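Inspection log for the structure reproduced underneath, given as structure tokens.
We did not get these values from a lab; they are worked out from the coordinates using the rules stated. It should be emphasised that the depicted structure is a prediction, and the values quoted were computed from it without experimental measurement. Cβ atoms come from the backbone with ideal geometry, glycine included; neighbour counts cover every protein chain shown.
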Amino acid sequence: MAESSSFDVIIIGGGITGVGTARDCALRGLKVLLLEKADLTNGASGRNHGLLHSGARYAVTDMESAAECIRENRIIRQIASNCVEQTEGLFITLPQDDLQYQALFVERCREAGIDAREIDPAMARAMEPSVNPSLIGAVKVPDASVDPFRLASANALDAANHGAQIRTYCEVLSLLKDSGAVVGVRYFDRKKKETLCAYAPVTVNAAGIWGQTIAAMAGCEIKMLPAKGSLLVFGHRVNKMVINRCRKPSNADILVPGDVVCVIGTTSDKVGLDECDNIKVTPAEVELLLREGCSLAPELENTRILRAYAGVRPLVASDDDPTGRSTSRGIVLLDHETRDGVPGFISITGGKLTSYRLMAEQTANLVCRKLGVNRKCLTATEPLPGSEKHSNPDRELSIAFKAAEGRHGSLTGKMDFSQKSEVLCECEHVTRAEIAYAVKTLGVRNMIDLRRRTRVGMGTCQGSFCIKKVAEALACELGCPEMEQEFIREYVQERWKGMTPVCWGDSLREAEYMRKQIGRNINDEI
Amino acid sequence: MQEHNISKGNFEQCLKCNICTQVCPMFEVNPHYPGPKQAGPDGERYRLKDPSFFDLTLKYCLNCKSCEVACPSGVKVGDIIQIARLKYGRQSNPLRDRMLASTDLVGTVASVLAPVANPILAFGPAKRVMDIFGVDHRRTFPKYSGEKFEQWFKKNAAPAQSRFKEHVAYFHGCYVNYNYPQLGKDFVKVMNACGYGVSLLEKERCCGVALISNGFGKQAAVQAAQNVDSIRKAGAPVLTTSSTCTFTIRDEYRNVLGLDCADMASTVELAVKWIYEKIASGKVNLRFRPDFHLKVVYHTACHMQKLGWALFSQELLKMIPGVELVVPEQHCCGIAGTFGFKKENYGYSQAIGQPLFDSLLAAGADAVATDCETCKWQIESGTGIPVLNPISILAMALLTD
């Protein structure tokens, strides 16, 4: 053990809940360490629709979640303007659906405080030309799209700006205990290849689906019920607004426009905990997603699918039902001191992307209570880095600058466009300046980290054309030119994992083109 | 299951191979132009997200369609750029652009005023005034003819056409009507020699190519609809002598202006193609002067390349005994219609044209043959070699009784 250090709180897990909690605690003046075994948003936080729920989807089935969502929706629009697109959303009723449900839906939305307005189907077609023209009913709701990578990155950045240590690629090996209490963690730094210890009076388990394993290290039992959700990414935006199906929540009934693409999802299937590290999208899921997607927006039938991906929802079995049949969809905050007699240990799980800030607030409140600290939560009003108001006097900005501004908001000013304006990823207009900035400020360690923060290689060609140039630039900015080939290998494998399930038509041609460009076979080492 | 994935404008078939960028004549000389892939399919994804991603550098696209000819995936790269310009663009110099694009109006006025207009347009100080107006002083406008082709035709040629059993209609275009009626006269001579009478369309408007490239989409659509209507009424093959007009009517009306005129497109073709096919199938037999000698270097206009018809012109020229034909590698001349007249574009226009000028001069020919009038202006000013339409060469070589 080379090194040890002490903190006020250690947070395990670099998903949106973990980084949100880290930020909240850091803003309250706590000394924070966050440990993430891979990169930020490697789990469910990075594998979802990117939907900032208005809460409408839960209005009929779960009023509490609905009300929670709309409150948080309003807050996140304010504090994370560069991560959110104010797309608004539609709930449409198709001829095969029950129009009665729409009336109930609108009523419940209003009860939950959601501004849901019934609009004429013709009006809905005018507002959203891609919508299935045979719709018989439509309701407009304040849905929005949110980029979870950017949101997590902004939280991590702000936490770090307030003194938190955010350590990615650091895997927790065990929890350190002293007379029954958790007093710290032993972890392995996968980049430096060393084992370290850190101490804090409180440790927060925010490991998502992996939370069951972390809890077990403390001798506590949490029963996670992993549910796989698969999604498809289309090559461009066909819709400007989020399109939902107005019926009981079901498979593939949400189409979200996110940045320059759109995403249809999701499916829902129970999977084993041991499968969570390597889940794959099946052909049956692709077919289901496509079929249902086309009923929301028929144009999807003719739109190129870039890739498929799947995430695992960290659903938790209710404490009062040991069989695990009933799950809790809401926020689950467990104080293991009162629950299991293990002081110094908290688990936060359940919830959803939209409610991450509230989850973080509740967790930080509990942390503060345990530490005897009395400081107010600031996250509902303090803007995240990048979302501060800013203006650019130069109106004739390059497309690449505008694209970067869409991703990084006011922080784009920190990029060196005078020296490094060369566009490396042409599909997504990513310059060397943006790459250098991401390396310097956003904790990028490899191509996949870089992709999450900049959209490098997320466009039509999935990196076929730019990957070599980007890998070279990244290796150079990181100061490790010898890593270039490894970056390419790692990245191509990750891209192919997503391309394989949808490999037909132009996606197949693209894969062939990538193979020629990279000189590797699509089936290699997947 | 999804079998195809061809979106509107089929931009998603783009594999990002960048072959289009490699062949783009503008990309080669202008560091400000991002190239057809970025201006077209890449930019389109972002414009769909937010129209403010429209990039002003799209004005540099020559609409030469070299990108489309080269694309192995059949992406209509040039169309995507043109449509974006019409949808989101604004004229940088509206008055000048309107003047340059309004070929019918300006042509009609200038034809009447030809004796005055021609010397003024060629006069040094007047050119300096044009410069302020945004038209480069190093350009010389094509001369205006005192008598429009339509007037000449009605007076001198129309009566004699009734003696032919079979007829073709002639879409002469603005250049023939206002500037160079001689080409129209040559066309009538050649068609009559082929045994066909010539008629004009009920009403011909400018094809609209300059309106499209200058961002006046609505006006272009109005004129296009009138032309489509006249062409449908013609009741005979509609022949042309300008590759650009032909390409505009056949391709741009449908693909860029969105007109429903697929039925009409194939009835319009260049006279060279029509004549070649008639001769090749033995239906027409032309007799040529035995004493005709001309060394010709053929320049493939970009829109001729897009149509895929350069071979017809070349083969037709080769049929003329006494014609020695040289065909260098295709290269854009750089003028792109009104583009090269604009002060801010002159430098790019000349830089693009230079390799072509060099190869044409190196051929040591008596004349350049090409099917495009604006290429003619550019090549004549860039090389000093006279430029002729293949139909004019055919007319010169015909043996007449």
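Over chain B, the reciprocal of the mean inverse Cα-Cα separation, the Kirkwood hydrodynamic radius, stands at 21.9 Å. Counting beta carbons within 10 Å around each of A:228, B:203 and listing the fewest first gives the order B:203, A:228.
Can you give me the Kirkwood hydrodynamic radius for the stretch A:374-442, using every pair of distinct Cα atoms, in Å to one decimal? Hydrodynamic radius (Kirkwood, Cα only) of the stretch A:374-442 equals 13.2 Å.
How well do other chains shield peptide B:16-24, expressed as the mean number of their Cβ atoms within 10 Å of each residue Cβ? Working shown, then result.
Values: counts 14, 7, 3, 0, 0, 1, 0, 0, 0.
Mean partner-chain Cβ count within 10 Å for B:16-24: 3.
Per residue, the convex hull spanned by the Cα atoms of the stretch B:207-366 amounts to 127 cubic angstrom.
Using only the alpha carbons of the stretch A:399-521, what is the convex hull's orientation-averaged projected area in square nanometres?
7.3
Remark: chain B carries a charge dipole of roughly 740 debye about the Cα centre, counting +1 on each Lys and Arg Cβ and -1 on each Asp and Glu Cβ. Take the stretch B:294-397, drop everything but the C-alpha atoms, weight them equally and run the Debye formula without solvent; then report log10 I(q)/I(0) at 0.21, 0.23 Å⁻¹ to two decimals. Results for the stretch B:294-397 at q = 0.21, 0.23 Å⁻¹ read -1.05, -1.24.
Tell me whether the stretch B:8-88 comes out rounded, prolate or oblate; compute the Cα gyration tensor, take square roots of the eigenvalues as a ≥ b ≥ c, and use a/c under 1.5 as the rounded threshold. Here the stretch B:8-88 falls in the oblate category. Cα axis of helix B:181-194 to longest principal axis of chain B: angle in degrees, 0 to 90, nearest 10? Taking the Cα atoms of chain B, the angle to B:181-194 is about 60 degrees. Over chain A, the Kirkwood radius and the radius of gyration, each from Cα atoms, give a ratio Rg/Rh of 0.95. Among A:294, A:69, a tally of other beta-carbon atoms within 10 Å of each Cβ gives an order, fewest to most, of A:294, A:69. Averaging the sequence gap over all C-alpha pairs within less than 8 Å and six or more residues apart, then dividing by the number of residues, gives the stretch A:150-242 a relative contact order of 16 percent. When you filter the GluC sites (Glu not before Pro) in the stretch B:255-359 for DSSP loop state and at most 12 other Cβ atoms inside 10 Å of their Cβ, you are left with B:329. Loop-located trypsin sites (Lys or Arg not before Pro) in the stretch B:248-313 (DSSP state not H, G, I, E or B) with no more than 13 neighbouring Cβ atoms inside 10 Å: B:283, B:287.
Specify whether the C-alpha gyration tensor of the stretch B:35-77 places it in the rounded, prolate or oblate class, a ≥ b ≥ c being the square roots of the eigenvalues: rounded for a/c under 1.5, otherwise prolate if a/b is larger than b/c and oblate if not.
Working: a/c = 3.36, a/b = 1.52, b/c = 2.21.
Oblate shape, in that a/c is at least 1.5 and b/c is the bigger or equal ratio.
Helix B:103-112 and the long axis of chain B differ in direction by around 40°, with both axes built from C-alpha atoms. With the charge dipole of the stretch A:69-138 set up from +1 on Lys and Arg Cβ and -1 on Asp and Glu Cβ about the Cα centre, the Cα lying farthest toward the positive end among the listed residues A:93, A:136, A:79 is that of A:79. Rounded to the nearest 20 debye, the dipole size of the stretch B:109-261 about its Cα centre is 300 debye, using +1 on the Cβ of Lys and Arg and -1 on the Cβ of Asp and Glu. Nearest 10 degrees is fine. How inclined is helix B:271-280 to the longest principal axis of chain B, computing both from alpha carbons? That helix lies at roughly 60 degrees to the long axis.
In the stretch B:236-279, Rg over Rh equals 1.01, where Rg is the alpha-carbon radius of gyration and Rh the Kirkwood radius from pairwise Cα distances.
If both residues of a DSSP beta bridge must be in chain A, then about 75% of such bridges are antiparallel.
Please order B:14, B:174 by the number of other Cβ within 10 Å, starting at the fewest. All intermediate terms of the calculation are to be shown ahead of the outcome.
On the way: B:14 29, B:174 23.
Least crowded to most crowded, the residues run B:174, B:14.
Quick check on my link table: of B:65/B:318; B:295/B:376; B:154/B:185; A:240/A:389, which ones sit more than 21 Å apart, alpha carbon to alpha carbon? Listed pairs above 21 Å: B:65/B:318; A:240/A:389. Note on the stretch B:241-319: Cα Rg divided by 2.2 N^0.38 Å, N the number of residues, gives 1.29.
Give the shape of the stretch B:157-278 as rounded, prolate or oblate, defined through the alpha-carbon gyration tensor: a ≥ b ≥ c are the square roots of its eigenvalues, a/c under 1.5 means rounded, and otherwise the shape is prolate if a/b is larger than b/c and oblate if not.
Details: a/c = 2.02, a/b = 1.70, b/c = 1.19.
It is prolate, given that a/c is not under 1.5 and a/b is the larger ratio.
The coefficient of translational diffusion for the protein assembly as shown, derived via Stokes-Einstein from the alpha carbon Kirkwood radius under 25 °C and 0.890 mPa s, stands at 78 µm²/s.
In angstrom, the C-alpha Rg and Dmax of the stretch A:191-281 are 18.7, 52. Each of A:502, A:476, A:465 was scored by the projection of its Cα onto the charge dipole of the stretch A:399-521, and the greatest displacement toward the positive side belongs to A:502; charges sit on the C-beta of Lys, Arg, Asp and Glu. Take the Cα of residue B:56, step 7 Å along the line toward its Cβ, and report every residue of the stretch B:69-107 whose backbone nitrogen sits under 17 Å from that point. Taking a point 7 Å out along Cα→Cβ of residue B:56, the residues of the stretch B:69-107 whose backbone N falls under 17 Å are B:85-86, B:88-97. Sites listed here are GluC sites (Glu not before Pro) in the stretch A:152-243 whose DSSP assignment is loop and whose Cβ has at most 16 other Cβ atoms within 10 Å: A:221.
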